[in-house]
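To start, the structure itself, in structure tokens.
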């Protein structure tokens, strides 16, 4: 896990080139391979990646596709709990992964964007005075209304995937979305950023988990080669290819908010590229942003699962 500030992403002269020590290391590797061999590999790798990205661009998840999948074709038989398998259970993922990252902000009126079947709502409600969940899928809203009907503090509304007209100005103490907006393209996150600036109280916090796949094209040739030589494919999990951590920072800043922290993480069992980002956004301008590269995120998940399984009764 490597923390750094936004200015660390590129060299101080604005060229965006890697640091001198990194370039020296690449030069040593280049000489070891031989110039002709490296050029041949670069041409092959470049062609492969160009073809790969031309394919994924055709299957970017549109708003209509998201609505079709989550409202109709997806089998919600496990209520979304299957996505917590790497942590063991949703309870273990909440306690070991999510709660430590958001516990200072859990209070007051909470907005949950894309709650699905309430995988996180069941925990968020323990920390709120009231909660409003907004989902693109009408079937998900119906399920949440049924599941939490005994709790009058909780309300659920169908949204259009871009705007939050059902939420009053400056009424939200904490906004949350996890494991949903990774499928949303940049234009969707830009729209939600504008809405969050409106509905969040001054200095209130939003915690959004979104895609960082746009940065895959910015990876070094050496990193791309290492992935190819590993033989492990990149599993994008139907993430949005137009979205990145940098884009989220820009969206927040344009509407008078700031990303206070961004944690870049891998996801799933594919090659561990930093394909996701968890952005902690404050409704206040000109705040510094700390960026953390947590390449061991899935190792943490495995640790949480092992620990949580110790508490299970024998033979369960």
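Checking residue 176 against (1) closer than 16 Å to residue 280 by Cβ; (2) surrounded by fewer than 16 Cβ atoms within 10 Å (Cβ to Cβ), only one condition comes out false. Which one?
Residue 176 satisfies all of (1) closer than 16 Å to residue 280 by Cβ; (2) surrounded by fewer than 16 Cβ atoms within 10 Å (Cβ to Cβ) except (2).
Just to be sure I understand the filter: pairs with C-beta atoms under 9 Å, separated by 6 or more residues or on different chains, first member in the range 144-171 and on the phi > 0 side of the Ramachandran plot and modelled with pLDDT of 95 or more, second member in a strand (DSSP E or B) and surrounded by 13 or more Cβ atoms within 10 Å (Cβ to Cβ). Which pairs pass?
Hits for this filter: 170/200; 170/201; 170/204.
For a quick check of your reading of the model, give me the residue pairs whose first member lies in the range 246-262 and is on the phi > 0 side of the Ramachandran plot and modelled with pLDDT of 95 or more, whose second is surrounded by fewer than 21 Cβ atoms within 10 Å (Cβ to Cβ) and in a helix (DSSP H, G or I), with beta-carbon atoms closer than 7 Å and at least 6 apart or on different chains.
Pairs that qualify, where the first residue is on the phi > 0 side of the Ramachandran plot and modelled with pLDDT of 95 or more and the partner is surrounded by fewer than 21 Cβ atoms within 10 Å (Cβ to Cβ) and in a helix (DSSP H, G or I), are 256/197.
Taking the range 82-94, which residues are out of contact with any helix residue (DSSP H, G or I) (no Cβ under 6 Å at 6 or more places or on another chain) and touching a residue at least 60 places away in the same chain (Cβ under 8 Å)?
Residues satisfying the conditions are 83, 89, 91.
Does residue 123 qualify as being outside any loop (DSSP other than H, G, I, E, B), buried (at least 22 other Cβ atoms within 10 Å of the Cβ) and either at positive phi or in contact with a helix residue (DSSP H, G or I) (Cβ under 6 Å, 6 or more places away or on another chain) (or both)?
The answer is no for residue 123.
Give me the residue from the range 169-187 that is assigned to a helix (DSSP H, G or I) and closer than 25 Å to residue 90 by Cβ and, out of that set, nearest to the chain's Cα centre (by Cα).
For the range 169-187, the residue satisfying everything is 182.
Checking residue 224 against (1) in contact with a helix residue (DSSP H, G or I) (Cβ under 6 Å, 6 or more places away or on another chain); (2) at pLDDT 95 or above, which test does it fail?
Just one mismatch for residue 224, condition (2).
Identify the residue in the range 263-295 that is in a loop (DSSP other than H, G, I, E, B) and modelled with pLDDT of 95 or more and, among all such residues, is surrounded by the fewest Cβ atoms within 10 Å (Cβ to Cβ).
Across the range 263-295, the extreme among qualifying residues is 286.
Going by the conditions given, is residue 161 out of contact with any strand residue (DSSP E or B) (no Cβ under 7 Å at 6 or more places or on another chain) and over 22 Å from residue 279 (Cβ atoms)?
For residue 161, the condition - out of contact with any strand residue (DSSP E or B) (no Cβ under 7 Å at 6 or more places or on another chain) and over 22 Å from residue 279 (Cβ atoms) - is not met.
Pairs, please: C-beta under 7 Å, at least 6 apart or cross-chain, first residue at positive phi and in the range 183-212, second assigned to a strand (DSSP E or B) and crowded, with 19+ Cβ neighbours inside 10 Å?
Sorted first by the residue in the range 183-212, then by its partner, the pairs are 203/282.
The values are calculated or read from the model by the stated rules, or taken from the named source; none is laboratory data. Just so it is clear, the model here is predicted, and its values are computed rather than measured. So basically every Cβ, Gly included, is an ideal-geometry build from the backbone, and we count neighbours across all protein chains shown.
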